[in-house]
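The values are calculated or read from the model by the stated rules, or taken from the named source; none is laboratory data. Just so you know, these numbers come straight off a predicted model, no measurement behind them. As a convention, Cβ positions derive from the backbone with ideal geometry for all residues, glycine included, and neighbour counts pool all protein chains shown. Note: accessible area is taken over every heavy atom of the protein model, side chains too, but ligands, DNA and RNA are not part of it. Shrake-Rupley method; radii C 1.70, N 1.55, O 1.52, S 1.80 Å.
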Amino acid sequence: MKAISFYDIFLLVGAGFIAGAINALAGGGTIFTFSALMAIGLPAVTANATSAVSVLPGQIAAAWAYRREIAAGLLRLLPFTLVSAVGGVAGGLLLLGTDETAFRALVPFLIFFATLLFLVAPHIATLGERMAARRGSDRPGPLATGLQGLVAVYGGYFGAGMGIMMLASLSLTEGREFHRLNAAKNWLASVMQGLAVLVFIISGAIAWRAVLIVAAASIVGGWSSVVVGRLVPQPLVRGFVIATGLGLSAWYFIV
């Protein structure tokens, strides 16, 4: 990796801080960290792997905050946990096996897809709730488990928007009770991304200096999210993420 300039540090700190705050409030922060890492000159695959490592501490911290709810539902979530583990590893290996040029060509489509997911997230949650109402059990069935497996592969491969995708699969078993749904989402995201990150670390596809900067900034951003949430209405936060995602997608289509 080339030497990190003052401008690079400024960009990474800003992206990490924004990502940490937005992930805590609404999700979608990976779009910012991934784009910033590419902007400082990292290859697309390395930028994606580095971004995944950078945001993992915040993801684990979120899961730890729900440790009681996770422990209470762990047996019920066992099928989801297993497919998340396998899918996360598969997604990570798929990323490392993707040619750099091919992955770079996919970047605008991936960012656009993640932004679109963020845009329709309320409708995804409603759809999941309707599907859940038709089932008589809260145990993961074949449909919910299969959906979670696909989400896990995507989460290991790119990650942005995977939390929104899980609203559909998890609503089949968790309903829309906020803490139960959030606990399951954070636990499964930690499993799939944690194992994908392990694959990235073993392969050596990480720019560690950038990780330290982005991770530290995202932790501060997460801590500051309470203040940000009080000052900025959530619709404005969502609008900012959507506008930025669409703008970045258009930019990567052009360059």
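What to note about this one:
- Scoring residue 169 on the criteria (1) of a type outside the set (Val, Ile, Thr); (2) part of a helix (DSSP H, G or I); (3) modelled with pLDDT of 80 or more leaves a single failure, condition (3).
- Under the condition of being open to solvent by 10 Å² or more (accessible area, probe 1.4 Å) and part of a helix (DSSP H, G or I), the residues counted in the stretch 37-51 number 4.
- Some residue of the stretch 70-81 being closer than 21 Å to residue 199 by Cα, open to solvent by less than 50 Å² (accessible area, probe 1.4 Å), outside any helix (DSSP H, G or I) and touching a residue at least 60 places away in the same chain (Cβ under 8 Å): no
- Taking first residues from the stretch 217-229 that are more than 9 Å from residue 18 (Cα to Cα) and partners that are at pLDDT below 75 and open to solvent by less than 40 Å² (accessible area, probe 1.4 Å), the Cβ contacts under 9 Å between residues at least 6 apart in sequence or on separate chains come to 228/237; 229/237.
- Residue pairs meeting the criteria (Cβ under 6 Å; at least 6 apart or on separate chains; first under 17 Å from residue 122 (Cα atoms), in the stretch 232-246; second open to solvent by 60 Å² or more (accessible area, probe 1.4 Å) and in a helix (DSSP H, G or I)): 242/119
- Every residue from the stretch 52-69 that is closer than 19 Å to residue 30 by Cα and either out of contact with any helix residue (DSSP H, G or I) (no Cβ under 7 Å at 6 or more places or on another chain) or surrounded by fewer than 17 Cβ atoms within 10 Å (Cβ to Cβ) (or both): 57, 60, 61
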